[in-house]
Structures are given as structure tokens and as C-alpha cells.
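Colleague: Sharing a structure, written as C-alpha cells. Questions coming.
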Amino acid sequence: MSSVSSASRERGRTDLPRSGRAPGHPGRPKARTVRLTDRGFALLLMAPAGVFLAAFVLWPLASLVVDSFYDISPMAGERRFIGVDNYREAFGSTEFIGASVRTVLYTLLVVSAEFVLGLAAALMFHALGRRSRILRTVFLYPLMIAPVVAGLLWRFLMIDNFGIVNELLTGMGVIDDPDALGWLSDPDIVLFSVALPDIWLTTSFMALVLFAGLQNLPGDVLEAARLDGVRPLQMLLRIILPLLRPVIAVALVVRGIDAARAFDVILIQTNGGPENASQTLSLLIYRTMVRFGDPGLASAMGTLYLLAMLAVALVAVATIWRPGKA
């Protein structure tokens, strides 16, 4: 019995291939585990955002720069390379120079007013502490309003004939007649008038950013300054503002770029008038592209506009962003 079983076992062994696997059952290769480094994992997570930016930011920017060197006829579908002629025409245009100056003035006015008012609000919120929660919520309401709606609202408030602002000023005796002050029809003050809705809308953003920066200031430094008898104004100028430099740089750059490209608020209120007194570069580029049908010249203006904002942002960051330095 033992000899038969041992013989059968021998035959079973000889029937098997040398690999030890039964015929008809191919062996499965072992699964290989791919391990990503931290850098590779980070790149993998950023890949979708990179593809999105390349498709919707880099490609349009590249097309903008390329189109600025061509004379484009949209109706005829023709493109003719003309080099830097579009840039020469832009620099030689008094309309472009005037719109550039107005854009700079508008941006300085809006950002300066928002910074002063936002810093005052942030300091008040910081001083009140938790008691300012409801006030902070109410203060952020204008940030939720669409710019088009804000432009329409302020247009009805400041319109010459029956605007609420002039009616209130007349009732208080500041002006004699509601038509005496043309907020949106006087070329001398219209740029200030169209800036008011922008200031009203986004001062809360500036206050929110600065308040977040105040919350992260080292408390021991502020407490030591109070014990040393530092006055509130000196505390603000010599301690708080230097420590807030990185936050201020981010807030000013973000709001500066956003204010420089203001379009919808001004379009709704004055459409660039009167006498182009409120026409900024965004409106001029839009009109050159849509109304006058000159994509090449509009692309050249847009490229110059982009380079100017990039240069201002780099200078602002290099000047203000000095964390830890007084």
C-alpha cells in the first residue's frame, strides 16, 4: 500500500512542470506598489489647477500678446503682421494717455480711502474683541452685493435731478438747489463720484484682511509696549503697522489690481462720461475691441496694462513686504 501511494506521488511530481505550477494556470505577477515622494504627491495635487490655469489664463494671455503684433480684421477674417505699430499708436493716442492717468488717479483714490477706513474699522473690531461679532457681520454686507447692483444703487442716489444725496444736502442747507451739484455730470468731480460705490463695496474686504492680521500679532510685544508707556499713536505707527507689513502688502496689491481694472461700476453709472472724464483703461480697451472693432490695438493696450500692473505689484511687494523689520 505504501509502495503504491509513493509511486503515485512520484508520478504526480513528474507530471508537474519544474516551475511548480499546474498546467493551464499561469502564474500571476506580483503587484508593484508605486510610492510617491512628498514632492511628487504635491505636484499630483496641483496638476488639475495647473491644467486649468494653462487653459484659461496662460493661453489667453499668450494670445493677447501675440494679437498685439497683428492688424486684425474680424469681419474679413484677416490678420496682417505689423510689428510694434499697435504699440506706437497706443502711446501716441491722447485718449490712451488720458485713460491711463485717470486709472492711476482712480486706483490711488479708491485704495487709499479703503485702507484708511478699513484700518480704522479693523482697529475698532480688535479693540472690542468678541463684542464686535455682530458689528463685523453687518460691516461685511456690502461685500456680498454685486458691483452692477451697487452701481445702479449709487446712480439713483447721486443722479442730478432727483438724487437722494442732493435732496439731503439741500435739506441740511449745504447746497441751495438739488441741481447745484452734478455728481455724475460734472467732469471735475465725476471720477470721485464713481469711486464712491467701489469704496463702499470693498472697504469691508480691506478691514477683514487687516483684522485677520491684527489677530495674529504677538501679544507679548504689544503688552510690553503698553507697560513701557507707549502712546496709542506711537503704538500704531512704530509697532502695529511695521508688524502688519506683509498683510498690508497683500491687501494693497490685491485691491490695487482689482481697482485698476474697474469696469462694471463705472459703466453702469456714467459709461465713461461725461466727455470721457470717467473713462478708465478697462473701458477704453472694451470700446476699442467691441465698438471700434480693432482687436490688435486693444490687445496692445491690454498688454501694456498688464505689464504696468505687474510692475506696480512687484514694486509694492518689494517696498512693503519686510516682515520683522521696523
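The values are calculated or read from the model by the stated rules, or taken from the named source; none is laboratory data. Note that the coordinates shown come from a computational prediction; the quantities given were computed from them, not determined experimentally. Cβ placement follows ideal geometry from the backbone for every residue including glycine, while neighbour counts extend to all protein chains displayed.
Colleague: Within the bounds of segment 319-326, is there any residue that is in a helix (DSSP H, G or I), small (G, A, S), over 24 Å from S193 (Cα atoms) and over 23 Å from the mean Cα position of the chain (by Cα)? Break it down into steps so the answer makes sense when it comes.
Modeller: At the first step, the residues of segment 319-326 found to be in a helix (DSSP H, G or I) are 319-320.
Checking which are small (G, A, S) leaves us with none.
No, because not a single residue in segment 319-326 is in a helix (DSSP H, G or I), small (G, A, S), over 24 Å from S193 (Cα atoms) and over 23 Å from the mean Cα position of the chain (by Cα).
Colleague: Within segment 211-267, work out how many residues are under 24 Å from V315 (Cβ atoms) and surrounded by fewer than 12 Cβ atoms within 10 Å (Cβ to Cβ).
Modeller: 1
Colleague: Also: Exactly one condition in (1) under 23 Å from F263 (Cα atoms); (2) surrounded by 13 or more Cβ atoms within 10 Å (Cβ to Cβ) is false for A122; which is it?
Modeller: It is condition (1) that A122 fails.
Colleague: I would also like to ask the following. Tell me whether segment 222-229 contains one or more residues that are small (G, A, S), assigned to a helix (DSSP H, G or I) and free of Cβ contacts under 8 Å to residues at least 60 places away in the same chain. Before you say what the answer is, go through the steps one by one.
Modeller: Residues of segment 222-229 that are small (G, A, S), as a first pass: 224-225, 229.
Those left that are additionally assigned to a helix (DSSP H, G or I): 224-225.
Cutting the leftovers down to free of Cβ contacts under 8 Å to residues at least 60 places away in the same chain gives us 224-225.
Checked against the condition, which is being small (G, A, S), assigned to a helix (DSSP H, G or I) and free of Cβ contacts under 8 Å to residues at least 60 places away in the same chain, segment 222-229 yields at least one hit.
Colleague: Taking segment 271-282 on its own, how many of its residues are at negative phi and modelled with pLDDT under 90?
Modeller: 2
Colleague: Of all the residues that make up segment 158-180, how many are farther than 26 Å from F263 by Cβ, in contact (Cβ under 8 Å) with a residue 12 or more places away in the chain and surrounded by 15 or more Cβ atoms within 10 Å (Cβ to Cβ)?
Modeller: 3
Colleague: When segment 283-305 is examined, which residues are found to be in contact (Cβ under 8 Å) with a residue 24 or more places away in the chain, surrounded by fewer than 21 Cβ atoms within 10 Å (Cβ to Cβ) and assigned to a helix (DSSP H, G or I)?
Modeller: First, pick out the residues of segment 283-305 that are in contact (Cβ under 8 Å) with a residue 24 or more places away in the chain: 283-284, 293-297, 299-305.
Those still in the list that are surrounded by fewer than 21 Cβ atoms within 10 Å (Cβ to Cβ) too: 293-294, 303-304.
If the condition is that a residue be in contact (Cβ under 8 Å) with a residue 24 or more places away in the chain, surrounded by fewer than 21 Cβ atoms within 10 Å (Cβ to Cβ) and assigned to a helix (DSSP H, G or I), then T303, L304 are the ones that fit.
Colleague: Which number in (1) crowded, with 19+ Cβ neighbours inside 10 Å; (2) more than 24 Å from the chain's Cα centre (by Cα); (3) over 30 Å from D294 (Cβ atoms); (4) of a type in the set (D, E, K, R) marks the one condition that R155 misses?
Modeller: (3)
Colleague: Out of the residues in segment 80-104 meeting the condition of being of a type in the set (K, R) and in a helix (DSSP H, G or I), tell me which one is surrounded by the fewest Cβ atoms within 10 Å (Cβ to Cβ).
Modeller: Kept after step one, since they are of a type in the set (K, R), are these residues of segment 80-104: 80, 88, 102.
Imposing the further condition that a residue be in a helix (DSSP H, G or I) reduces the set to 88, 102.
Details: R88: 12, R102: 22.
Out of the qualifying residues, it is R88.
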